[in-house]
Amino acid sequence: MYKDTSILVVDDNRQVLELVNHVLAQVGYHISFIPKGQFLFRRLSSQKFDLVLLDINLPGISGFELLKQIKSDPTYKTLPVIIISAEEEDETLAKCFDLGASDYIKKPIHHEILKARVQSVISASRFHQNEIHQQKQEALRARMKMLSSQMNPHFIFNSLSSIQEFVLANETEKVLNYLSEFAGLMRQNLENSMLPHITLSKELQFLDTYLKLERTRFNNVFDYEVDVNIDTPENIMIPPMLMQPYLENAIIHGLRKSTRPGRLVLKVWETEKSIYCSIKDNGIGRALASAISESHHHSIAMSNIEARLELLNMEFGVDVFSVAIEDLEEENEPAGTQVTLCFPNDLH
């Protein structure tokens, strides 16, 4: 219970230090000491502490001033502090709590009171931090769900526009085939969007159907290949719709505007801890696409996927979700674009 709990004691009284160490170390707390307040922030920056026991009457900077500095610093504002003092006046107690102290222990220190107060403050602090963490996670999930809901209408609008073009061109067979595939894709999309994570195999099935529809939509101006070098994609969980916006971007802004036969290659492979996804096209490249684009604003799909990746990194605490974009060249001429996505292979 206490083995991962560190306490910093700020007191110049040797007897107090020995007593605190005797009482708290024997039940498993890690105890550190500093005798003067001017060392406090240097020590806090070098080690993570769960609690500070702070004497009021210190040489140099007083405990009141140190408490005020701790609570005004965004880095340590939530760090719980228990004041230790021989003073018992109501004015002193009121000042301690006004400055943000979590509790107060009077000298001489009673062993059982010390243990009870320390355990109570640490438990309350951890409960509060867990509540904050859960609220942040809920806010992140709500934000990601909102971004997914924005991506779906954007994707559906483009597909319905293709159906309209086929109808206007009197291409009945294309309309029927496209509608059948489109209905299946929408069903997959609806099912996938309801979940925070889906299997990689389901995502790849969705993407294969999507690419087939896009190829039909643009009159077969490109061919595509899906190369999966993973033994069990059905056992790997990933967030849905991470790859689709980059595929769409490659088709719309790269391959559709190229005069040469288009080619799009989606490769997926696994390392010890990560899944990599490479999306390579032989389109006109980003510079020319930007120069001839009808609208120079950043696309909604790209903005949303960038925001989703940022939120996913916030949720998991490290930069495990990343994207790298490379402009390809042949003989100093644009030869397409390659996007490489990386995400963890152990999501549950």
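The values are calculated or read from the model by the stated rules, or taken from the named source; none is laboratory data. It should be emphasised that the depicted structure is a prediction, and the values quoted were computed from it without experimental measurement. As a convention, Cβ positions derive from the backbone with ideal geometry for all residues, glycine included, and neighbour counts pool all protein chains shown. The accessibility values were calculated without ligands, DNA or RNA, using every heavy atom of the protein model including side chains. Shrake-Rupley method; radii C 1.70, N 1.55, O 1.52, S 1.80 Å.
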Keeping to the range 211-224, report how many residues are open to solvent by 70 Å² or more (accessible area, probe 1.4 Å) and in a strand (DSSP E or B). 1
All positions within the range 20-38 that are of a type in the set (A, V, I, L, M, F, W, C), out of contact with any His (no Cβ under 8 Å at 6 or more places or on another chain) and surrounded by 15 or more Cβ atoms within 10 Å (Cβ to Cβ): 20, 24, 31, 33, 34
Scan the range 330-348 for residues that are in contact (Cβ under 8 Å) with a residue 60 or more places away in the chain and closer than 23 Å to residue 257 by Cβ and jot them down. 336, 337, 338, 339, 340
A careful count of residues in the range 1-19 that are within 22 Å of residue 64 (Cβ to Cβ) and either crowded, with 19+ Cβ neighbours inside 10 Å or out of contact with any Pro (no Cβ under 7 Å at 6 or more places or on another chain) (or both) gives 8
Examine the range 118-137 for a residue that is exposed (fewer than 12 other Cβ atoms within 10 Å of the Cβ) and charged (D, E, K, R), and state whether such a residue exists. yes
Count of residues meeting criterion [in a helix (DSSP H, G or I), open to solvent by less than 20 Å² (accessible area, probe 1.4 Å), under 21 Å from residue 276 (Cα atoms) and of a type outside the set (S, T, N, Q)] in the range 180-203: 2
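Results for (1) without any contact (Cβ under 8 Å) to a residue 24 or more places away in the chain; (2) surrounded by 14 or more Cβ atoms within 10 Å (Cβ to Cβ), shown as yes or no for each residue.
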| site | (1), (2) |
| --- | --- |
| 60 | no, no |
| 71 | no, yes |
| 78 | no, no |
| 83 | no, yes |
| 87 | no, yes |
| 91 | yes, no |
| 94 | yes, no |
| 101 | no, yes |
Need a quick list: helices (runs of 4 or more DSSP H) entirely within the range 229-348 having at least 3 residues that are of a type in the set (D, E, K, R). 300-316
What's the number of the condition residue 55 fails, among (1) free of Cβ contacts under 8 Å to residues at least 12 places away in the same chain; (2) charged (D, E, K, R); (3) open to solvent by less than 20 Å² (accessible area, probe 1.4 Å)? (1)
Cβ pairs under 8 Å, 6+ apart, first in the range 246-274 and touching a residue at least 24 places away in the same chain (Cβ under 8 Å) and under 17 Å from residue 212 (Cβ atoms), second among the polar types (S, T, N, Q) and open to solvent by less than 20 Å² (accessible area, probe 1.4 Å): 250/337; 265/278; 266/278
Quick test of your reading of the structure: residue 334 fulfils all but one of (1) more than 29 Å from residue 234 (Cβ to Cβ); (2) at pLDDT below 80; (3) of a type outside the set (Lys, Arg). Name the failing condition by number. (2)
Could you list all residues from the range 226-271 that are open to solvent by 70 Å² or more (accessible area, probe 1.4 Å) and not polar (S, T, N, Q)? 231, 234, 256, 260, 261, 263, 267, 269, 270
Tell me which of these residue 213 doesn't satisfy, since it passes every other one: (1) touching a Phe, Trp or Tyr at 6+ places or on another chain (Cβ under 8 Å); (2) closer than 30 Å to residue 313 by Cβ. (2)
So, first residue touching a residue at least 24 places away in the same chain (Cβ under 8 Å) and farther than 27 Å from residue 282 by Cβ in the range 306-329, second residue outside any helix (DSSP H, G or I) and among the polar types (S, T, N, Q), Cβ within less than 9 Å, six or more apart or across chains; the pairs are 320/274
Here is a list: 305, 251, 236. Which entry is closer than 24 Å to residue 174 by Cα and in contact with a helix residue (DSSP H, G or I) (Cβ under 6 Å, 6 or more places away or on another chain)? 251
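So that you can scan it fast, the table gives a plain yes or no per residue for (1) modelled with pLDDT of 75 or more; (2) under 30 Å from residue 29 (Cβ atoms):
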site	(1), (2)
125	yes, yes
128	yes, yes
132	no, yes
141	no, no
153	no, no
159	no, no
164	yes, no
Any residue at all in the range 227-249 that's farther than 27 Å from residue 163 by Cα, hydroxyl-bearing (Ser, Thr, Tyr) and within 30 Å of the chain's Cα centre (by Cα)? yes
